[in-house]
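Here's the structure, in C-alpha cells; my notes come after.
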Amino acid sequence: MTGVFVHPQGLCESAEVGAGTRVWAFAHVLAGAVVGRDCNICDGAYVEGGAVLGDNVTVKNQVLVFAGVTCEDDVFLGPNVVFTNDLRPRAAVKRGPEDLLPTLVRRGATLGAGTVVVCGTTIGTYAFAAAGAVVTRDVPAHAFVAGNPARRKGWVCQCGERLDAELRCRCRGCGTGYRLVSEHAGLESAGAVGCTGFVGGVVRGLGSGPA
C-alpha cells in the first residue's frame, strides 16, 4: 500500500489500495476490498470485502459499500449513500456470496446524499441521482433521476449540468451536445467541445466500459 494515507483513527485492512488514496477517521476498508488510485474515503465510510472502487472515487461520510458493488472511475458517492446486496434478507437465513446480487455504478456517475441503491441495478455513465433517491432499477447513461422510486426527470451533461430540450448543455464554456441512443441506454456525446477545465476522454482503470 505504498503512497496510501490512513488517518490514525481510520482502519484499512485491504492490501489492494492504490497510491494517493486517503482513508479518513473512523472509515473502515475491509480485507478483500479493491480500491483504486486517488480515492477519498471520508469519515465513517464502510467498504466491505468484495467491493470494488475504481480510480478517483469520492466516498463521502457514512457511505456503506457492501460486497458485490463495483464503482468505476470518477464516481461520486454523497454522504450517507447506502448500497444493498440482498433482495430478501432474513436474520435466520444465511446466504453465500453466490446468492448476492451485484450492483454496477458506471464511470463518472453521481449519487447524491442519502441515495439508496437496491441491488441488481446498473447506474449508467455520468448519470446523476438526486439526494434521497431510491434506485430500484437501471439508470440510463446521463439520466437525472429523483424520488422514491427514482424516476428520470431529465438528462445531465458530463459536467453535471442539466441539459435543455435539445440535449445540449448551456453552462458557460461547455455547449456539449448529446444524442439519445434509447430510453434504456441513455445518451451518447454528439462530439461537441467539452466543458472548460474538464479533461474529457480520459479512461482509467475500471472506467473503460462503453457509455
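The values are calculated or read from the model by the stated rules, or taken from the named source; none is laboratory data. The shown structure was predicted, so the numbers you read here are calculated from the model rather than taken from an experiment. Neighbour counts run over all protein chains shown; Cβ positions are idealised from the backbone, glycine included.
In region 91-105 there is no residue matching the filter, namely being surrounded by 21 or more Cβ atoms within 10 Å (Cβ to Cβ) and touching a residue at least 60 places away in the same chain (Cβ under 8 Å). Taking the criterion of being under 25 Å from LEU104 (Cα atoms) and either among the hydroxyl-bearing types (Ser, Thr, Tyr) or in contact (Cβ under 8 Å) with a residue 60 or more places away in the chain (or both), the residues of region 143-184 that qualify are TYR178, SER182.
Return yes or no: is VAL63 free of Cβ contacts under 8 Å to residues at least 24 places away in the same chain, over 28 Å from CYS157 (Cβ atoms) and of a type in the set (A, V, I, L, M)? So VAL63 does not fit the description; no. Restrict the check to region 62-73 and report whether at least one residue is in contact with a Lys or Arg (Cβ under 8 Å, 6 or more places away or on another chain) and either at pLDDT below 95 or buried (at least 18 other Cβ atoms within 10 Å of the Cβ) (or both). Looking through region 62-73, at least one residue is in contact with a Lys or Arg (Cβ under 8 Å, 6 or more places away or on another chain) and either at pLDDT below 95 or buried (at least 18 other Cβ atoms within 10 Å of the Cβ) (or both).
Give VAL57, VAL4, VAL17, VAL47 a once-over and let me know the one that is closer than 27 Å to VAL156 by Cα and not charged (D, E, K, R).
VAL57
Checked across region 5-18, the condition of being loosely packed, with under 15 Cβ neighbours inside 10 Å and under 27 Å from TYR126 (Cα atoms) holds for at least one residue.
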